[in-house]
Structures are given as structure tokens and as C-alpha cells.
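The values are calculated or read from the model by the stated rules, or taken from the named source; none is laboratory data. Not measured: the values here are computed from a predicted model. So basically every Cβ, Gly included, is an ideal-geometry build from the backbone, and we count neighbours across all protein chains shown. When the accessible area is computed, the model is the full protein with side chains, heavy atoms only, and any ligands, DNA or RNA have been set aside. Shrake-Rupley method; radii C 1.70, N 1.55, O 1.52, S 1.80 Å.
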Amino acid sequence: MASNNQFVTFNNGQVYPILGFGTWKSKPGEVEEAVRVAIDTGYRHFDCAMFYGNEKEIGDAISHKIDEGVVAREDLFITSKLWNIFHQPDIVETVIKKTLSDLQVEYLDLYLIHWPMAFKEGGLNDDFIPKDDDGATIEGNGSYIDTWKAMEKLVENGLTKSIGVSNFNKRQIQDILDVATVKPVNNQVECHPYLTQKKLKEFCEEYDIILTAYSPLGSPDNPWKKPEDPTLLEDPKIMEIAKKYNKTSAQILIKYQIQRGIMVIPKSVTKNRIESNFEVWDFELEQEDIDQIDAFDCNGRFVHMKGNMHFKDYPFIDEYSKPGEVEEAVKAAIDTGYRHIDCALVYDNEKEIGKAIKQKIDEGVVKREDLFITSKLWNTFHQPDYVETVLKKTLSDLQIEYLDLYLIHWPMAFKEGKLEDEWFPKDANGVTLEGTGSYIETWTAMENLVKKGLVKSIGVSNFNKKQIENILNIATIKPVVNQIECHPYLNQKKLKEFCEQKNIFITAYSPLGSPDRPWAKPEDPSLLEDPKIVAIAKKYGKTTAQILIKYQVQRGIIVIPKSVTKSRIESNFDIWDFALEQGDIDAIDTFDCNGRVLHLNWNSHFKDYPFHDEY
């Protein structure tokens, strides 16, 4: 049976269908029927993994379709992956033979190392995610370099035609290339418009390594999805492009990857979606639409494995991820003249910020005492006996001995956890679990940090008036700051007045209206493009960002604009040569419409949700 598809050519000469069928999260039983439908539809590339727990059912489906005469084995291109507990070289061949047996085939077309991280070594009958007594995944002693040499032997022995990697970053791929006698042909990574992997793609192309995009539709059914996370398939801008071509959002997202030369493996178990996802051969996206989709990138990673980020081979702390981006941004900021740096453990980039700070201190650009460094205690760490441990992790990552300011990030307590646990603990329905902690007790632990000299000052973030009063009623050390969303559409006038009465400063986050937030809708107002702000900017010969920053500065509000672009970092700091007239400040004050961007309304049922009260 003929099948529509396009093909890519690996660096070893093997051709492979660019569009494949993903099987991650497809349940046994369910996946067998889905693979049969996929073969009947025309799919010939099937992406599997032992870890998915469904290779026997996939094998039954493939065998059935071969027996029916729908396809021959040589028509199919089958990928599988070596799981993290099998990095020891002497077990690699045993593991692939188990996969071959389950899939009922004599060879694979492509075999990948699933992750660069080695878990504690195990056998086929052991737990795939070995845990210690505290529930943390146990790291193994293996090296993906040694594993790669065993992978090469699989090619020599005819057990797989090609080998590659999955979830590897640039440095890790380079490590493989430095020792390889058989080059990797493929790197399978999360890739979609919110995470375009442009730099990693360019690097891989230099070495004739082709990317495969998993979660190309934004992984709408991932089990750790947060209610506030954007849904790529429902992104109004994608829907608008889909309407233009009379296609589904999924078809647009699949075609986007195909036209970039990226192999793509959408997953579905629904017959009509399986068929629809394959109907992408009768249209081409115009370059302007590809360019527009490229612009969606916001490093919006859904599969982060954050619980393993302390592993030596954790792949997402790399120059081609947001943390690397922030290191360069902090260096540029210090060179520009910034001395106040706002951080938080949950931002997942304090190690890189620490590297930037240390480099600038070592260069003699600044001394530690010149800098004012803020960080924040996350919601799963409200238990008093753990607060110091968490702060010391931040201090270690930032490579400093004390913080200038430490804030309770939110008044809401999530289910209590440790540093290695998920920071958004969920129940079976995907709802964030509330903790039993009280920010009052947390505050007492924060005071102890000051007494021990670990922080100079303490404060809060996203607290309302009542919650601040509760702190003040018991405090022996008063909060000095309340960091909150604040911009002309949400000017926080009443909360500012209350805090001023208590000698508490306001810090404004999202002062530019958070223009790069991935959940922005096309109809949402853009503060930076607001005609009234544009007119004021023109009057002073300044950018709209400079006007918005100066507005807060003249209100006596600490302001922390964010950028990773050197020219914008410099421009945002260039506000000291003018002052807004009072009439312009009064005009900007009138823009207020309670236009909150970061509402966290998925936690509105929590007892300490802060945004129910007037202010």
C-alpha cells in the first residue's frame, strides 16, 4: 500500500519518513488499535520506547498489519529508546533484544538514548524510576559516553540501522561526537512554537544531525499541566492561521515542523485525529506565517524533569535554554549599571545568575557589597523547619554568603515538599494540592534568617492588605517590601498607600505589562503599544518602556523590568536624563482597569489566595 510522506536523509544515508506516529502516554490496549489505524492511514514511522510500557501491544499491531499484507517490515521505520536505568554498557544489548521481542521485529531502524541522565543501574525487572526513602530519584554512576560505545556495537551487530540521542543538549552531543565512530543521526527533543529549539537545531544541522520534535502540539494531555499553562492548540494566533488555510491547529503545527525540516511525531489514539494529523500534504505555509509562528518562542518547556535537575547530566541547564540566556543578560545588566538583581528559586536559573555575578566580581567590575540581590521562598517550602535549607540552596547557587532581601513568594502554601520534589504538586485530576502551612509561621522562620546573618532584609510578594496586617501583628522584624504586579493597567494605588503607611516599599514586577507572556490573547491590550503611552513617549523622545519604568520610579516604587536583549537592557536603564511632568503621571494613573496579567485563578479556592480582597 502506497503512503504519502516526505523523507529526510540521515548522515549514514538512511532515509526516514519526516512525519511519524508518537506512542508516549498511549495506554496498552488503546495503543494497539491506534497503531493499526495509523498504518491504515499511511503512517510508516513509529516512535516507541520501552519506558512507555506499551511495546508489546505496538508489536501486536505491527505483526497484524504485516500478516494482513497491508505493509511489509521493510516499509516501516521503527524507533525505540534505551531507558535511564540501562546506561551500563553490558546490558544495552539485552535491553534492545527485549524491545525487539516485544515489537516482534528483528531490527530497529533507529535506537536512541532516551535521556543523558543515568538513573541507578537496574535490570529489566527493576523499577524504571528508582527512589530513595525520601522519594527522590536515585542517580546512577553511568556515563552516556560509555553507553554510546555500546550503542555503536548494536549497529555493528545488525540490531539497529541507526543510533541517536534524545533530550541531549549541545554540550552533551559534542561529547558524543568527540568519541563516536558511528555518529548520532538524530536528537529527539521537545519542540513546538513555544519552544522552537532554533539554536539547538542550527547546531545539530552543522553535524548533519536531524531533530525529531516530540510534543509538537504542546503536549495538551501532559499530567503535570498547570491550569494557567497556555494551550497551544487553542492559541488564537494559531487558530487564525489555521482558518486562513482551512486546516486544524494540529495540522498547522505539524506542517510548521515539516517545513523546518524537523521530523515530527504527533500522538493520538482517536481515529479521526490520527487521520487528520496525516492530512498535511496538500498545502504549504507561507514564509510570513512560519516567521510569525517562530516569534511565539518563549522557552515554554512542558517536559522539564525538574526533580532531577541536580543530576550531573541534567540537560536543560545549557546555553540553548533560558538559564544560559539569563547568564548573558545578567552580565550585560551589570556592565550597564544595574546593581539590583531580582531572582527566585522557582525561576530555575539561579545557578546561571550566580555564575554571571561571580564572573563580574572576579573581573573587578563590581564588589559583592555593590550588589543588591533578592530571591524568594517558593510555595512548597512554607514549613518553618525547611526555610533555612531552601535559602542555603539559593545562596549556594548564587555563589554568595548572604542575600540583601528574601521574600515569601506567595502567601499560598502548596503541599509541603523538598527541593527535589515537584514544585507544583498535583492530585489525580491535575489540581494543585494545597498545603497546611501558614505564612505566619513561615514569617517567624524568615526572621531567624536575619538573626543568623543569612539575609539583610525580609519581605513578601503578592500579599494583600489583610495578609500584610497579619504579618505585622506578630512580626518582630517588619517586612520591608511587598513585590507585586504593577503597571498602568494595574497601578495598585490603594495597596501602595497602605504599604506606605507601614513604611513598606512596593516593588513592581511586570512593569511593562508582561508582553511576552505565552497566554496573551490577540485581543489583549499591549501596554507597550498603547497609543496614549506611545504619545507620551514621543513627547519625551523616549521608548514606551522607558516611560513605564520612569512612571514607577517617580511614584517611589522599586521597579524590575526584565529583558534578555542587550540593547533593551541598556535602553531600560537609560531613564535618568528626564522627568515626567505631573500631568503625564496623572494621565497614566487613569489607565488603571484592574488589568491583572498574573492572576493564578486556578488557586482561587486556596484559603490564602490573595486576589479576592479589594487590595
Restricting attention to the stretch 266-295, which residues are assigned to a loop (DSSP other than H, G, I, E, B) and touching a Phe, Trp or Tyr at 6+ places or on another chain (Cβ under 6 Å)?
-> F283
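Which residue, of V70, V8, is among the β-branched types (V, I, T), in a loop (DSSP other than H, G, I, E, B) and at pLDDT 95 or above? Write out each step before concluding.
Numbers: V8 fails: in a loop (DSSP other than H, G, I, E, B).
One residue alone meets the criteria, V70.
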If we keep just the residues of the stretch 148-199 that are hydroxyl-bearing (S, T, Y) and closer than 19 Å to G261 by Cα, which is farthest from the chain's Cα centre (by Cα)?
-> S162
Could you list, in sequence order, all residues of the stretch 329-366 that are without any contact (Cβ under 8 Å) to a residue 40 or more places away in the chain, among the acidic types (D, E) and in a loop (DSSP other than H, G, I, E, B)?
-> E363
In the stretch 397-412, what residues are touching a Lys or Arg at 6+ places or on another chain (Cβ under 6 Å), in a loop (DSSP other than H, G, I, E, B) and either free of Cβ contacts under 8 Å to residues at least 60 places away in the same chain or open to solvent by less than 10 Å² (accessible area, probe 1.4 Å) (or both)?
-> Q399
Name the residues in the stretch 417-434 that are out of contact with any helix residue (DSSP H, G or I) (no Cβ under 7 Å at 6 or more places or on another chain), under 15 Å from F606 (Cβ atoms) and not in a strand (DSSP E or B), would you?
-> F424, D427, V431, L433
Any chance L495 is assigned to a helix (DSSP H, G or I) and under 30 Å from R301 (Cβ atoms) = no
Residue among T389, T374, T394 that alone is buried (at least 21 other Cβ atoms within 10 Å of the Cβ), more than 24 Å from R301 (Cα to Cα) and at pLDDT 95 or above = T374
If we only count helices (runs of 4 or more DSSP H) wholly inside the stretch 538-604, which ones have 3 or more residues that are touching a Cys at 6+ places or on another chain (Cβ under 7 Å) and surrounded by fewer than 18 Cβ atoms within 10 Å (Cβ to Cβ)?
-> none
Collect the residues in the stretch 413-463 that are of a type in the set (S, T, N, Q), modelled with pLDDT under 95 and open to solvent by less than 50 Å² (accessible area, probe 1.4 Å), keeping them in residue-number order.
-> T432, S438
Answer residue from the stretch 167-192, given it is among the β-branched types (V, I, T) and open to solvent by 10 Å² or more (accessible area, probe 1.4 Å) and is nearest to V264 (Cα to Cα) among those | V182
With the condition kept exactly as written, say whether any residue in the stretch 156-166 is among the polar types (S, T, N, Q) and either surrounded by fewer than 17 Cβ atoms within 10 Å (Cβ to Cβ) or over 16 Å from N186 (Cα atoms) (or both).
-> yes
With respect to K376, is the statement that it is out of contact with any Asp or Glu (no Cβ under 6 Å at 6 or more places or on another chain), farther than 24 Å from H409 by Cα and basic (K, R) true?
-> no
